[in-house]
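Accompanying notes for the structure given below.
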Amino acid sequence: MSAVGREVSSSAPTAAWRRKLVPYGLLLPGGLWLIIFFVVPMLRLVSVSLQTGIYPRYRFAWAWSNYAELVTNYGGQAVNSLVYAFLATAIAFLIAYPLAYFIAFRGGRWKNFLLVMLLMPFLMPFLLRTLSWKIILADHGLLVDLLKSVHLLGEDGRLLATGVAVVAGIVYNFLAFMTLPIYVSLEKIDRSLVEAANDLYASPAVAFRKVTFPLSRPGVVAGTLLTFIPAVGDYVNAVLLGTPQQFMIGNVIQSRFLVVLDYPVAAALSFTLMIVTVLLIIPYVRAAGTEDLVA
Amino acid sequence: MAAVTDVAGGLPDGGEPPAVQLESVTKRFGDFTAVDEISLDIEENRFFALLGPSGCGKTTTLRMIGGFEETTAGIIRLHGEDVTGRKPYRRMVNTVFQSYALFPHLTIFENVAFGLRRRDVDDAEIKTRVAEMLELVQLGGREKQKPHTLSGGQQQRVALARALINHPRVLLLDEPLGALDLKLRKEMQIELKRIQNEVGITFIHVTHDQEEAMTMADTIAVMHKGRIERMGTATEIYEDPQTGFVAGFLGASNLMQADIVDASTGEVVLAQGRRLRVSPGRLPAGEKQVRLGVRPEKIHLVPVDAEIEGNALEGLVIDASFIGVSTHYLVETGAIAQLAVMAQNLDDRRFAQGDRIKAVWRPEHTFVVT
Ligand SMILES: Nc1ncnc2c1ncn2[C@@H]1O[C@H](COP(=O)(O)OP(=O)(O)O)[C@@H](O)[C@H]1O
Ligand SMILES: [Mg+2]
C-alpha cells in the first residue's frame with residue numbers, strides 16, 4: 001500500500017512535466033524550420049541591406065542610403081510593380097470569379113474535368129507558356145491584326161513590349177491561383193441558402209449579392225493574395241513580354257543580385273518590397289473581414 | 001422588389017378559393033415519376049400534413065409549391081391565382097427548410113429581417129417586427145448572435161421566425177423537426193401548433209412520422225409512390241385507412257382475406273369458414289373478395305368458452321408480452337396465422353402462452369382495404 005503510494009508520488013512530477021513538454025516538443029520541428037529558413041535569412045537580409053562597399057568586400061555600416069535608392073533610382077519600376085500587380089489581380093479576379101462560379105454551380109458531373117482543364121496549361125513549363133504569349137501578342141500576329149481591323153488598336157499600335165502584354169502575362173500565369181480558392185469557397189456553399197434567399201424575396205441577383213458573394217469572400221481574399229503577392233515581385237513576364245520600360249522591381253532586384261552583384265541595394269529593395277506588400281495586405285484582409293465568416 | 005403582389009383571386013361562384021390548390025400536378029425526373037398527378041385543395045388556416053415514407057415525393061411536392069422545382073404538368077394555384085411558372089421570390093409563400101438554411105454570415109436579427117429588407121420595409125418597423133417575432137419563438141435577446149452559436153432547436157425556431165415574419169399566406173415546412181432529438185421534437189410539435197393557432201396561417205407540414213402528423217395536423221394526406229393514397233383527419237384515416245399501405249403506415253393492423261357472403265348484411269367468410277361481420281356500407285359493391293383489417297387495440301381476448309356478440313375467432317396464445325400500459329399478444333387462429341392483439345391492463349384477466357382463447361371485436365371496427 002505504502003510502496004504504491006510512494007511510487008505514485010515520485011513519478012507524478014515527471015509525468016506532469018512530460019505532459020507540459022509535449023506541446024513544445026511537437027512545435028520543435030516546425031519552429032526550427034522557421035528559424036533556420038525564415039528568421040535567420042531575414043536577419044541576414046536586413047544586415048546585408050545595411051552594408052556598404054564594393055563587390056566582393058562589403059561591410060556593415062548602417063548604410064540607410066541603400067533604402068533611399070528605391071525612391072531615387074527605381075521609383076518607376078516600383079510604380080510599375082504596384083500598378084501591374086494591381087491591374088493583373090483585378091483582371092484575374094474578373095475572369096476567375098465567373099469561371100469558378102460556373103464550375104461550382106453549373107459544372108455538374110463535368111466539375112472535375114473542368115478543374116483539370118483549368119490546371120492543364122500548368123503542365124507546360126512556365127517559360128514556354130510565357131513565350132507563347134509572345135506569339136499571340138506579336139506585332140503581325142492574329143490578335144494585333146484583328147484589333148487593328150476593328151480600330152481598337154492604331155495603325156502602328158502594338159501589344160508586345162507594352163504594359164498590356166506584361167499584365168496579360170501575369171494574369172495568365174496566376175489565373176489558377178485566383179480561381180481555385182474561389183472555387184473551393186463557392187463549392188462549399190449550401191445550395192439551400194440560395195434557395196432560402198429566393199424564398200425570402202431575393203431575386204437571383206440580390207441573392208448573389210447578399211448571400212453567395214459574402215460567403216465566397218474567404219476564397220476571394222485567398223485568391224487575390226495568392227495572385228497579388230507573387231505578382232508584385234514578378235520579373236519574368238516583364239523580361240519576356242516587355243522592355244526595360246516595363247521593368248518591375250523584381251527585375252531590379254534580379255539584376256542587382258545576379259548581374260551587378262550589388263548585394264546591399266538588392267537586399268534593401270527586397271526587404272522594402274516585403275514590408276510594403278505586408279502593409280498593403282493587412283488593411284485589405286481587415287476590410288474583407290474574413291474572421292466573421294469562420295464558423 | 002415590390003413585385004410580390006396579392007391578387008384577390010375569387011372563384012367564379014364567389015366562394016373563398018382554397019389557400020393552395022394542386023390540379024393533376026406531376027413531376028418527372030427523366031423517366032422517373034416522383035409526383036404522379038396529385039390533386040388537392042388545402043383550405044385557409046389549416047395545419048395540413050403531407051405524410052409518407054422517405055422517397056415518396058413529399059419534398060418534391062413542397063418544392064413545386066414553393067417554386068423551387070418546375071412542374072412537369074399540372075397547375076398550382078395559391079388563393080385562386082395560378083402561380084405554376086412563377087419564381088419563388090414572387091410567391092407569397094415561405095419555407096422552413098429541413099436543414100434550416102440560416103445564413104451563417106448574418107446575425108439572428110438580420111436572418112429574421114432578411115425578407116422584410118428585400119421588400120424595403122423601413123428600419124423602425126423591421127426592428128419592432130423582428131423583436132415581436134423573436135418573442136413569439138422565445139428567442140428574445142439573441143438578436144446579435146450568429147446562427148452557429150445556437151442549439152438545433154433554437155436554430156429551428158429562427159428558421160420559423162424568418163419565414164413567419166413575412167406574413168406569408170402559406171408556410172411550407174419540410175421535416176422541420178427531423179433533426180431534433182425526441183424530447184425536443186415533442187416540445188416543438190406543441191410549439192408549432194401553438195404558433196400556427198396564433199398566426200392563423202396555412203401550414204403545409206411534410207413529415208414521415210405518423211405520430212407527428214396525427215398530433216399536429218387538422219388534415220393529413222398520406223403519400224405513397226408519388227400519389228396521395230388517403231386524405232382526411234387523423235381519426236378518419238386511422239379508423240378507415242382504405243388501402244393496405246395506409247393501414248400499415250399509420251399504426252399496426254391485422255389484415256385478412258375474405259369472401260363476401262352477403263353485401264347487404266355485411267357478412268363475410270374467412271378461410272376455414274369463419275364468419276365475420278362488417279359495417280355493410282363499407283363493402284365494395286360488385287366484388288366477391290375483400291381484404292379486411294382490424295387494429296390490434298380493438299380486439300379483446302376472452303376465455304374460449306365465453307358467449308360473445310360480434311366477430312370472434314378462436315385461437316391459441318403463442319406469445320404474451322407485458323409492457324406496462326398494455327399487454328401485447330400474438331394469437332394463432334386458423335384463419336390468420338398471427339393476430340396481433342393489444343390489451344390495456346385493466347382489471348380483467350391476462351392470458352399466458354398456450355391459453356386457448358377467443359379474439360373478439362365489434363363489426364364496425366373492421367375496415368376494408370384495397
Ligand atoms: N433532382 C432530382 N433528380 C432526380 N431524382 C430526384 C430529384 N429530386 C428527387 N428525386 C427523386 O424523387 C423521389 C422523391 O423524392 P423526394 O420528394 O425528396 O421524397 P421525400 O421527400 O418524400 O423523401 C426520390 O426517389 C428521389 O430520388
Ligand atoms: Mg424529403
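The values are calculated or read from the model by the stated rules, or taken from the named source; none is laboratory data. All figures in this text were calculated on a predicted structure; none of them were measured in a lab. Cβ: placed from backbone, ideal geometry, glycine included. Neighbour counts: every protein chain shown.
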Report every pair of residues separated by at least 6 positions or lying on different chains whose Cβ atoms are under 9 Å apart, first residue within region A:240-259 and assigned by TED's automatic domain parsing to the domain that holds residue A:270, second hydroxyl-bearing (Ser, Thr, Tyr) and surrounded by fewer than 18 Cβ atoms within 10 Å (Cβ to Cβ). A:241/A:162; A:242/A:162; A:243/A:162; A:245/A:162; A:246/A:162; A:247/A:255
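Would you mention how many residues in region A:180-208 are more than 23 Å from the chain's Cα centre (by Cα) and either buried (at least 19 other Cβ atoms within 10 Å of the Cβ) or within 11 Å of another protein chain (Cβ to nearest Cβ) (or both)? Step through it out loud before you land on a result.
Of all residues in region A:180-208, those more than 23 Å from the chain's Cα centre (by Cα) come to A:189-208.
Next cut, either buried (at least 19 other Cβ atoms within 10 Å of the Cβ) or within 11 Å of another protein chain (Cβ to nearest Cβ) (or both) only: A:189-207.
Residues that pass the stated criteria total 19.
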Out of curiosity, is residue A:218 under 21 Å from the mean Cα position of the chain (by Cα), farther than 30 Å from residue A:125 by Cβ and either in contact (Cβ under 8 Å) with a residue 40 or more places away in the chain or not in a helix (DSSP H, G or I) (or both)? yes
Could you list, ordered by first residue, the pairs with Cβ atoms under 9 Å in which the first is in region A:152-168 and at positive phi and the second is at pLDDT 90 or above, at least 6 apart or interchain? A:161/A:137; A:161/A:241; A:161/A:242; A:161/A:243; A:161/A:245; A:161/A:246
Among the numbered criteria (1) in contact (Cβ under 8 Å) with a residue 40 or more places away in the chain; (2) surrounded by fewer than 17 Cβ atoms within 10 Å (Cβ to Cβ); (3) more than 16 Å from ligand 2 (Cβ to nearest atom), which single criterion is violated by residue B:99? (3)
Among the residues of region B:234-275, which ones are part of a strand (DSSP E or B), out of contact with any Gly (no Cβ under 6 Å at 6 or more places or on another chain) and not β-branched (Val, Ile, Thr)? B:254, B:256, B:257, B:258, B:259, B:262, B:267, B:275
How do the helices (runs of 4 or more DSSP H) wholly within region A:93-155 filter down when requiring 1 or more residues that are within 25 Å of the chain's Cα centre (by Cα): which remain? A:111-119, A:126-137
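Is it fair to say residue B:175 is out of contact with any Phe, Trp or Tyr (no Cβ under 9 Å at 6 or more places or on another chain), within 16 Å of ligand 2 (Cβ to nearest atom) and within 14 Å of another protein chain (Cβ to nearest Cβ)? Before you say what the answer is, go through the steps one by one.
Numbers: out of contact with any Phe, Trp or Tyr (no Cβ under 9 Å at 6 or more places or on another chain): yes; within 16 Å of ligand 2 (Cβ to nearest atom): yes; within 14 Å of another protein chain (Cβ to nearest Cβ): yes.
Taking the combined requirement at face value, the residue satisfies it.
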In this structure, is residue B:235 touching a residue at least 24 places away in the same chain (Cβ under 8 Å) and within 25 Å of residue B:56 (Cα to Cα)? no
Selection within region B:106-144 - over 31 Å from the mean Cα position of the chain (by Cα), at positive phi and away from chain A (no Cβ under 14 Å): B:141
Given (1) more than 16 Å from ligand 1 (Cβ to nearest atom); (2) assigned by TED's automatic domain parsing to the domain that holds residue B:60; (3) crowded, with 17+ Cβ neighbours inside 10 Å, where does residue B:157 come up short, assuming only one miss? (2)
Does residue B:137 qualify as being modelled with pLDDT under 95, more than 16 Å from ligand 2 (Cβ to nearest atom) and not assigned by TED's automatic domain parsing to the domain that holds residue B:51? yes
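Let me confirm something: among A:26, A:21, which residue is modelled with pLDDT of 90 or more and either of a type outside the set (A, V, I, L, M) or in a helix (DSSP H, G or I) (or both)?
A:26
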Please specify each residue of region A:257-295 satisfying the condition of being touching a helix residue (DSSP H, G or I) at 6+ places or on another chain (Cβ under 6 Å), at pLDDT below 90 and assigned to a loop (DSSP other than H, G, I, E, B). A:295
Any residue at all in region B:24-39 that is more than 8 Å from ligand 1 (Cβ to nearest atom), among the charged types (D, E, K, R), under 22 Å from residue B:170 (Cα atoms) and surrounded by fewer than 20 Cβ atoms within 10 Å (Cβ to Cβ)? yes
Answer residue from region B:206-233, given it is within 16 Å of ligand 2 (Cβ to nearest atom) and in a loop (DSSP other than H, G, I, E, B) and is nearest to the other protein chains (Cβ to nearest Cβ) among those: B:208
If residue B:193 satisfies every condition in (1) touching a residue at least 40 places away in the same chain (Cβ under 8 Å); (2) within 16 Å of ligand 2 (Cβ to nearest atom); (3) touching a helix residue (DSSP H, G or I) at 6+ places or on another chain (Cβ under 6 Å); (4) more than 14 Å from chain A (Cβ to nearest Cβ) but one, which is the exception? (2)
Selection from region B:61-77 of residues that are more than 14 Å from chain A (Cβ to nearest Cβ) and either surrounded by 18 or more Cβ atoms within 10 Å (Cβ to Cβ) or not hydroxyl-bearing (Ser, Thr, Tyr) (or both): B:61, B:71, B:73, B:74, B:75, B:76, B:77
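Return yes when residue B:134 is part of a helix (DSSP H, G or I), away from ligand 1 (no atom under 16 Å from the Cβ) and surrounded by 15 or more Cβ atoms within 10 Å (Cβ to Cβ) and no when it is not.
Criteria met by residue B:134.
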Inside region B:208-227, can you point out the residues that are more than 20 Å from residue B:44 (Cα to Cα) and within 13 Å of ligand 1 (Cβ to nearest atom)? B:208, B:209, B:223, B:224, B:225, B:226, B:227
Pairs returned, first residue in region B:40-62 that is under 18 Å from residue B:210 (Cβ atoms) and polar (S, T, N, Q), second residue that is in a strand (DSSP E or B) and near ligand 2 (Cβ under 9 Å from one of its atoms), beta-carbon separation under 9 angstrom, 6 or more apart or interchain, are B:59/B:174; B:59/B:206; B:61/B:206
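I'd like the full set of residues that are more than 14 Å from ligand 1 (Cβ to nearest atom) and either modelled with pLDDT of 90 or more or among the hydrophobic types (A, V, I, L, M, F, W, C) (or both), limited to region B:173-185.
The initial filter retains those residues of region B:173-185 that are more than 14 Å from ligand 1 (Cβ to nearest atom), namely B:177, B:179-185.
The answer is B:177, B:179, B:180, B:182, B:184.
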Among residues of region B:79-96, those that are more than 30 Å from residue B:146 (Cβ to Cβ), surrounded by 18 or more Cβ atoms within 10 Å (Cβ to Cβ) and within 14 Å of chain A (Cβ to nearest Cβ), counted: 1
